[in-house]
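Working notes, beginning with the structure itself.
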Amino acid sequence: MTTFDPSAALDALAAEYGARAAAIRRDLARSHSPDFAEQAVQRQNDEVLEALLAEAEAALLQVGKAKQRLAEGTYGDCLGCGEPIEPARLQALPAAEYCLACADKER
């Protein structure tokens with residue numbers, strides 16, 4: 001069994017989301033077809049890409065906040081109740097802000 005390293009896990013997530021966002025930005029920057037019908041499809045695809053970019057950027061922000069909590073010494077403390085977040089939850093979701101009980105309340 002390996003020991004969970006939150007700093008390494010957060011760095012890996014930041015790199016993954018950063019690469020994903022960069023790839024989406026490249027796709028959005030490409031030129032569109034001069035054919036009107038093809039351009040309409042490409043514009044619809046752009047809307048999907050923009051939503052995916054927003055998700056990647058939001059995830060990067062969440063990872064950044066988790067890294068800040070790690071630096072402050074509050075990483076792993078639930079923002080809702082202040083109790084420790086379950087280790088298994090942090091391993092699955094290294095940027096988790098809430099314990100399971102509080103996450104259920106947030107829904």
Number of positions in segment 60-86 that are in contact (Cβ under 8 Å) with a residue 12 or more places away in the chain and either more than 17 Å from Leu13 (Cα to Cα) or outside any helix (DSSP H, G or I) (or both): 10
Residue within segment 28-41 that is among the basic types (Lys, Arg) and crowded, with 16+ Cβ neighbours inside 10 Å present: no
Of the criteria (1) free of Cβ contacts under 8 Å to residues at least 12 places away in the same chain; (2) of a type in the set (Gly, Ala, Ser); (3) surrounded by 12 or more Cβ atoms within 10 Å (Cβ to Cβ), which one Ala95 fails: (1)
Odd one out for Arg69 among (1) closer than 22 Å to Leu93 by Cβ; (2) touching a Ser or Thr at 6+ places or on another chain (Cβ under 7 Å): (2)
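Values in this text are rule-based calculations from the coordinates and carry no lab data. Not measured: the values here are computed from a predicted model. Don't worry about glycine lacking a Cβ; one is built from the backbone with ideal geometry, like all the others, and counts go over all protein chains shown.
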